[in-house]
Structure formats: structure tokens, C-alpha cells
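All remarks here apply to the structure that follows.
Every number here is computed from the coordinates shown, using simple stated rules; none is lab data. Since we're looking at a predicted model, the values are computed, not measured. Positions of Cβ are generated from backbone atoms using ideal geometry, with glycine treated the same way; all protein chains shown enter the neighbour counts.
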């Protein structure tokens, strides 16, 4: 990031927090913190939305940090095969007979959006990020089943060598913690990339900016 210029509004941010946020209780969440020199300061598991809330409100440097929370997958969304076969005949957004009840056609879950919006209103520098966008930018998940052991190993190797995170443990880490590290690096990249050459705002989701990478620039 030496060739990039820190955005003025983030010059006082010295720690970068990534949270891999799960929408279901059977899949754990996690948090990771990087400092301004990409040293890994903390990794820990979080199990519920209450844990996420408790951590952010009790982390001493939270308001002086940049926080990136992953977009949770919508678990009630219909299967991909049905979507592929029916898209020609029944465009979901145009067909009034296919009402989007209970958000079954939404890709991302709305879980936690009220909490994160309230934290933003309280002065936290909080953003959302898409795990798949970040993985694709680093070429980490093109050939492996999502969250499989091979996918986890590829992600850990990519984080260690492509980002020079030398203090990343050599033993296999839980995938949620690796995704949290990826979120922390996304926050770091967005803060340091003043011209948005590498990392930029992608879109908004429930009044929060979703930040991510331009594809191919991190390989």
C-alpha cells in the first residue's frame, strides 16, 4: 500500500477490524484486528449477534478503528438450480405472481442491519464487505467448494503470502477467522487507497456502504 495515499477521513485510524458475520447459529462468526503495519493483533470467535454487539461496544479502540462486517448469506433464498431453470420464464423482479415474501429472492440476509446502522449513527466507522468479492480479487476460491477444507487452505495461504501476514499461524485456522482477517484487510485497503485504484465502494446495503476490490488487481 506504499504507493497509495490514505483517505483524509481515515488518517487517524490505526486499527482495522474485520468481522465474518453469519446469519445462522450453526455457522460461527469471528473477528480479527490488524494494525497499521498489517500485524495481526487479535482473532476470536463470535457465536451470536449479541456477541458481535458486546465486542464492538466493549473494544476500547472501536471508535478509532475502521470496521468491516461481512454480508451474511440469506439462508432462505431458493436454490440456484431453480433460479437458473426458471429465469427465462419467470423473471422474479418483473413477475407480480412471484412476490418476494420473507425475502426469499434476496441474496443477502438483513440480520444485524439495525445494529450496524445504530453503531454508525453512534460514530463508529462501520462498513460491509462481500467475502466472495474479496476472495475472487485474490484468486482464492475459483476451484474449490465454498468453505471446504481446500478452500480454507487456499484462503490461508493467500492471506499469508500475498498479504505478507507472516504472524498468521501455520496450523489450519477456522474459515470464519480467515474471512475476518480478509475483512480487516478490506477495511485497511479502503482506508489507504485514496484514489480508489484498488478498493472502492461497491453499493449500499441498508444505509451502509459496501466496500470491495476491483477484480484482478490483487493477484
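Structure values in brief
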{"item": "Antiparallel bridges, percent of DSSP beta bridges restricted to region 16-69 (to nearest 5)", "result": "75 percent"}
{"item": "For region 196-214 and region 42-65, distance of Cα centres in Å", "result": "22 Å"}
{"item": "In nm, spacing of pseudo-spin labels at residue 5 and residue 203 (7 Å Cα→C-beta vector)", "result": "3.1 nm"}
{"item": "Computed lengthening from residue 64 to residue 153, 0.36 nm per intervening residue step minus Cα-Cα distance", "result": "28.8 nm"}
{"item": "Anisotropy class of region 154-219 from Cα gyration tensor, a/c 1.5 cut", "result": "prolate"}
{"item": "Distance (nanometres) between label positions extended 7 Å along Cα→Cβ at residue 114 and residue 27", "result": "2.3 nm"}
{"item": "Neighbour-count ranking [beta-carbon atoms within 10 angstrom, fewest first] of 69, 175", "result": "175, 69"}
